[in-house]
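Everything below concerns the one structure shown next.
Derivation of every value follows stated rules applied to the coordinates shown; laboratory data play no part. These numbers were taken from a predicted model, which means no experiment stands behind them. Quick reminder, even Gly has a Cβ in these numbers, built from the backbone with ideal geometry, and neighbours come from all protein chains shown.
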Amino acid sequence: MSKFSDRRKFLKTTSAATIAALGATMPLSGLLSSMKPFGKQSSADTVILLWMGGGMAHTETFDPKRFTAYSKGIKSNDVLSTFPSVPTVLDGVHFSEGLESVGNIMDRGTVIRSYVAADMGHILHSRHQYHWHTCYRPPQSVSAPHIGSWVARELGPINSSIPAFIDIGQRFTVGEGEELKAFHTAGFLGNEYGPFMIPDPTAGLESVRPPVGMSESRFEKRNQLYKELMNQGAMGEYGSDYHKESMKRSMEQAYRLLKSPEAAAFDLNKEPKSSYDIYNTGKFGLGCLMAKRLTQKGARFISVTTEYEPFMNWDTHENGHTRLADMKKRIDAPIAQLVKDLEQSGHLDRTMIILATEFSRDMMVEGRPELKVQEQVKQPDIINDMKFYGMHRHFTDGCSMLMFGGGIKKGNVFGQTADERPCKSIKDPIVIDQVHQSIYHALGIHPETNYVVEGRPFYTTPDGKGKAVKELFG
Amino acid sequence: MYNKRLFWVGMSLSCICIFAVFNTIQIAGSGLDLTGSLAWRLLGRLHPIAVHLPIGVILFAAFLEILIIFKKHAAYRQAIQLSLLIGLVAGVFSAISGLMLSAEGDHASLLLLRHQWVAMGVLCLSGLAWFKHAELLENPTKRSLAGFRILLFANVLLLLLATYFGASLTHGTNYWSSEVSKKTTKTLLTKKTTSLAQEREPGLEPDPVFVLENEQLFTNIETPSMEDQADLQLQVRTILAHNCYDCHGPKKVKGDLRLDHIDLIMKGGESGPVVVPGNANASEMYKRISLPEGHEDIMPSKGKKLTEQEIRVIALWINTGAAWPDSQQVKKAFRNAALAPRNPVLPLDAAAYGNPIDKWTNSYLKAKKLSWPSQTDDRTFIRRVYLDLIGLLPTPKELENFLSDKKADKREQLVRQLLDREDDYAAHWLSFWNDALRNDYTGTGYITGGRFNITNWLYAAIKTNKPFPQFVKELVNPEKESKGFIEGIKWRGEINASQRTEMQAAQNVAQVFLGLNLKCASCHNSFISDWKLTDAYGFANIFADSSLEINRCDKPTGKFTRPQMLWKDLGKIDSMESRKVKMAQLAEIMVKPENGRLYRTIVNRIWKQMLGRGLVEPADQMDNQPWSQDLLDWMAFDFQKKGGDIKSLIYSIATSKTYQTKSVGLKDPNDIVLQNYSFRGSLRKRITAEQFSDMVGAIIDPIFPDSIMKFKPKYSPSFVPPGGYFARAAFVANNSFLIALGRPNRENVTTGRESQANLLQALELTNGERFNAMLKRGATKWQSRYPDGDSMLSAFYSLSLGRKPNSKEKAVAMKILGNAPSPEDIQDFFWAALLLPEIQIID
């Protein structure tokens, strides 16, 4: 009999394995989603977008050029970078001074130097940001969804206690706040998939805890009261009315979320001090810490931003050099730590981290060399004051991005910009459609995913024509 | 003869094969692009041949097993063992070749997915059956035998299913069944039209197809009439729509060829033109569809070959010049509602019903053999009508007075009173119009001076019940204070040609006031209606200083068109005149009685606001069929005749038995737009963000402080809100609380809100700061106002639901409201109670 029991056991495990394999390659949701070819493999489950809102100058960060130190009387046109460059862990690849930590982890990811932003005739940050995040240029005839909402819609949350789309670090009370709201939306996909906003990561826990001042037991009692009152009232009359059902369901979800142990992921105070301190360079750094914690518990799409505020942060209309030194300090250590921590916990391979900005900056060119747009910054030809020393104009023709994890090639440089002004993309230019589709490709979302809105199929990228850049993947 | 070594070899081989198969899936999926190679394609194409082997062999094994059952001796065991082995190996090869073949196609259709899944199941079961049978041979027990037979016959069933799906893929789903009901060509085509039409385009009416008659006409007569030509063209469109659009349409453009519009048909594909007008034999389209079945190049390449008649229709069409209809003559594939107003004679058999609306509903119910839904009781009615008309709850006193009122016409009087509460009425309907006219206090465009607020004008217009024609005229031909709607939102920089403010104006006027979607036609001829690009530009030109260059898909064409109303017979626009004059001309045309569409559209919107579902759904597609054409037409005619008095319209609806029916709920929100809807009563609605905020403000504590009001209306001196003044949500800028509860951001026109609850909304209600702060404030107030929990409980139920709590509710609530409830206890009670469906839903 022994050989049969062996066989039986083998059979059992084989069939179980087979069924498990069946399940793994073809989730049931695939049948229901609009487009999902059988067996499409994904290389990422989670996306972390590190959003450098305001226009991060590439020659001052990940694509340094010839350095010109400040001294009175230097010509604006001669200045390409206001920082010297420092080596990274990759041979022959340099970053701008101040990004040493990130430079040290470039063996885990790719630096893209040839992102080309759209040309929309006039530089308005929020318009370019809208375009970056939705892949559509405003105005649109329907409300276009944020990429986070697309992902939330197509894949849903990983951990049902962590909202599928979380946005950390952006307040709407800033200037251009209304324009920002215009793309922080799930649009026609429905409010279900909108962003869960956490403007301040240090207060993030409050968003997922019972109301401030309410103890756990009181929260429990309150919920119990709600349930009991519901049962005693005139409930039966409503039958299976969808209003009632959706209310019940969503209140239940909210309750579970607020009670779940996973909510502790939002509590930065639970992080060991040594680790906390590395991330604690400011709001952005702590946002990265929250992203790390959430990813390790199972988050789907997290956006962490240095926050866009007109003329603040990366949006340097003057004092570019001094501001950039500060900005780099804010981002260098946390980003490097984020990548390393996720690598250590084994999450990096299935987490795609992207650092991006809506366009770059230059001292002289506003817009593109061939398509200059209305100037918005006063930049004298001769620099006599520190406040003019920096990249203050908005440059759309060459921009840097970083990508880590989620199947991205390690230790790779993609694309190239010119070494002399204009420092535009000269090799392998990449546009936003391709960026989005590369993300979808990694996640296993079909490139022609679309929904019909007002009779029109609305695709993840315009007309469903976007193509992922396969060379980015290793 | 069974051999241990053979067994282990065989078993390992099977397992390897199964996992190799899955890895093959992964390779194919990751786009290593082996799939293009010749070897791949050749092996893939062996699949239809290869599958026959495992099918035959497994069925043979089953047949032998059946013989064993009947003959009761195991003569065929060894043969069965061999068959199962062959079946398994052949099955593995079939599966692999099948996967290779599927790589040839593009996206997995549902049918393909089903076939693959079931086939994998078959493969696994045949492997298991073979194992089981080997075990059985070694050690024949009754149990083993039973187990084996179960596996074998399950395998056979699944095999048949896989075969069915597979055959459906190659031959179409009704390959066999279509033979069953093949009477005449006419019937066949009609049947197909009906079923497919319902699958693809709800609302597409089946059209009878008279193929043979046409052919005779065309071959016998020199110049076929326009009517006949239109008939033929419609048939061609129908054939193309049902057989070709899947691969040659807006979603998929195989061979760079689209067949969903005449321009695109004529343009051809990557190998050139497919239609040579006058010469079907030289036309690629005709050549491909008339290839023999199974031919490599046949079209359609997926699904059934066209029937003889269909091929002849295409040939006829090409040979007679491949003409396409002029817009006047065309027999439209899309339903177009009548434009002219219509005044149907009131039914004579409805004397029992005073309100004409009810006469029509009565006719409708009679025709459908439905009985009148029962009427709602007074308490439900007063709550519903208060919320629908003024967005507030009745105070306990108002409720009490109404309930104890004995007058026969108390409901009519109540409605009259509510409509006379001008400020409350205006505050409520302001939100409806803000959504529709895309008007908000904050939003994109304001900082760049590209957007204009119209609240002052709008509020006054609603409050004074401005006649609807005047309302429309002042929006379409605005003065400064109402220009925001037409001016749209102007972004700095370059924008898509279809989103210029003139185009926005055209789209928004068409959507809001005429119930038609001009957005598609703003880039190209619409695929879902008969509107053309020139129609959209013609309309937009009315709002333009000078004629706009027509852009097709954002590319300039060098062409222009004159300004023109969408239905030019309604009236002319003078292209020589200034923008102001053109818009004035449009304003007059829009409100003409002849423009029945305008009046039907607004009547439908108001009806939808009150009854939860329009007579026509979606309300932005007024070409769809209303559930009662008579009712819609009569109401629109009456409304226009009375000068477009909105309040009068609301009064008629609110005092009708139709409105006062007991509410019904829907299981699925998508059911609202189903075209086979039948009226069973008012639909249950969810309170809006504003209604909830105002409810809370009146009962507990204002949720918005006066300081954040963006609009401060001047209330009439005689008016004092019974609940006291507080900032109504309609006057406050959008914020996270209102967004969570469904207020749209008014970037675009919104003619209906999402009413389903979702997680973000629930979170805002569960721990949102604003809501909680309000609960705290309210609790403190109530603690000082009421002596004990009991009185608090009664007060709350009275204020919010107009009734006393029942004993069970009381028992539950008193657990927390006890004797001397703390503010926290009161807060928690408020929270739980406010979120009850009975409060959240308008019954």
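Cα axis of helix A:283-297 to longest principal axis of chain A: angle in degrees, 0 to 90, nearest 10? With rounding to tens, the tilt is 30 degrees.
The stretch between B:K532 and B:K572 holds 12.6 nm of extra length on full extension. This uses 0.36 nm per residue minus the Cα-Cα distance. Between B:S37 and A:S240, the C-beta separation translates, for a Förster distance of 56 Å, into a calculated FRET efficiency of about 0.55. Of the beta bridges in the protein assembly as shown, as assigned by DSSP with both residues counted there, near 55 percent are antiparallel. Fully extending the segment from B:K366 to B:E270 would add 28.8 nm, taking 0.36 nm per residue of separation and subtracting the current Cα-Cα distance.
Mean residue ellipticity, 222 nm, helices only, chain B: the sum of -39500 (n - 2.57) across DSSP H runs of n ≥ 4, divided by residue count and rounded to 500, is -17000 deg cm²/dmol. Summing charges over neighbours of B:L817, with a neighbour being any other residue whose Cβ is under 10 Å away from its Cβ, gives -2 when K and R count +1 and D and E count -1.
Taking one quarter of the surface of the convex hull spanned by the alpha-carbon atoms of segment A:291-415 gives a direction-averaged projected area of 9.3 nm². Applying the Karplus relation 6.51 cos²θ - 1.76 cosθ + 1.60 with θ = phi - 60° to segment A:438-448 yields 3J(HN,Hα) values of 5, 5, 5, 4, 4, 7, x, 9, 4, x, 9 Hz, where x marks Gly and Pro.
When Rg and the Kirkwood Rh are both derived from Cα coordinates, the Rg/Rh ratio for chain A amounts to 1.02.
Label-to-label distance for B:S404 and B:T307 is 7.4 nm, based on points extended 7 Å past Cα in the beta-carbon direction. Seen from every direction in turn and averaged, the convex hull around the alpha carbons of segment B:778-817 projects onto 2.7 nm².
Over segment A:277-324, Cα pairs under 8 Å with separation of 6+ residues give a relative contact order of 25 percent. Counting only Cα atoms, chain B measures 103, 84, 62 Å along its principal axes, largest extent leading.
Note on chain B: dipole from Cβ charges, positive end direction compared against B:V274, B:L123, B:L82; the farthest Cα belongs to B:L82.
Projecting the Cα atoms of B:I58, A:M52, B:L611 onto the dipole axis of the protein assembly as shown, where Lys and Arg carry +1 and Asp and Glu carry -1 at the beta carbon, places B:I58 farthest toward the positive end. Here's the list of lysines a cross-link from B:K368 could span, going by alpha-carbon distance under 20 Å and ignoring same-chain residues fewer than 8 apart: B:K359, B:K657, B:K662.
Debye-formula intensities of the protein assembly as shown, expressed as log10 I(q)/I(0) at q = 0.05, 0.08 Å⁻¹, are -0.45, -1.16 (one equal scatterer per alpha-carbon, no solvent).
Report the residues of segment A:94-125 in range of a label on A:D326: point 7 Å along Cα→C-beta, backbone N strictly under 19 Å from it. So the set is A:97-99. What the Cα atoms of segment A:166-233 give is an Rg and a Dmax of 16.7, 49 Å.
Shown in residue order for segment B:752-763 are the 3J(HN,Hα) couplings computed by the Karplus curve 6.51 cos²θ - 1.76 cosθ + 1.60 at θ = phi - 60°: x, 9, 6, 10, 6, 6, 8, 4, 4, 5, 4, 5 Hz (x for Gly and Pro). Beta bridges assigned by DSSP with both partners in chain A are antiparallel in approximately 50 percent of cases.
Peptide packing for B:59-67, B:806-814 was compared via the average number of neighbouring C-beta atoms within 10 Å per residue; ordered from the highest value, the list is B:59-67, B:806-814. Shown is the FRET efficiency for B:K710 and B:V581, computed with R0 = 30 Å from the Cβ-Cβ distance and rounded to the nearest 0.05: 0.30. Of the three principal axes defined by the Cα atoms of segment B:644-788, the extents in descending order read 53, 42, 41 Å. Loop-resident trypsin sites (Lys or Arg not before Pro) (DSSP state other than H, G, I, E or B) in segment A:132-206 with no more than 14 further Cβ atoms inside 10 Å of their Cβ: A:R171. Between A:S71 and B:K815, the distance separating the two model label sites (each 7 Å from Cα on the Cα→Cβ line) works out to 8.1 nm.
With neighbour counts taken as other beta-carbon atoms within 10 Å, the residues B:L110, B:L836, B:L159 rank, fewest first, as B:L110, B:L836, B:L159.
As a calculated quantity, the FRET efficiency between B:K71 and B:D297 at R0 = 51 Å, using C-beta atoms, amounts to about 0.50.
Here is the size of segment A:432-474 from its Cα atoms: Rg then Dmax, 11.0, 40 Å.
The simple spin-label model puts a point 7 Å past each Cα toward its Cβ; for B:I49 and B:D645 those points are separated by 8.3 nm. Measuring between alpha carbons in the structure, the pairs from A:K248/B:K406; A:K259/A:K328; B:K267/B:K287; A:K181/B:K519; B:K267/B:K302 lying more than 27 angstrom apart are A:K248/B:K406; A:K259/A:K328.
Charge dipole (Cα centre; +1 on Lys/Arg Cβ, -1 on Asp/Glu Cβ; no other charges) of the protein assembly as shown amounts to roughly 3040 debye.
On a 0 to 90 degree scale, rounded to 10, what angle separates helix B:308-319 from the longest Cα axis of chain B? Roughly 70 degrees, rounded to the nearest 10.
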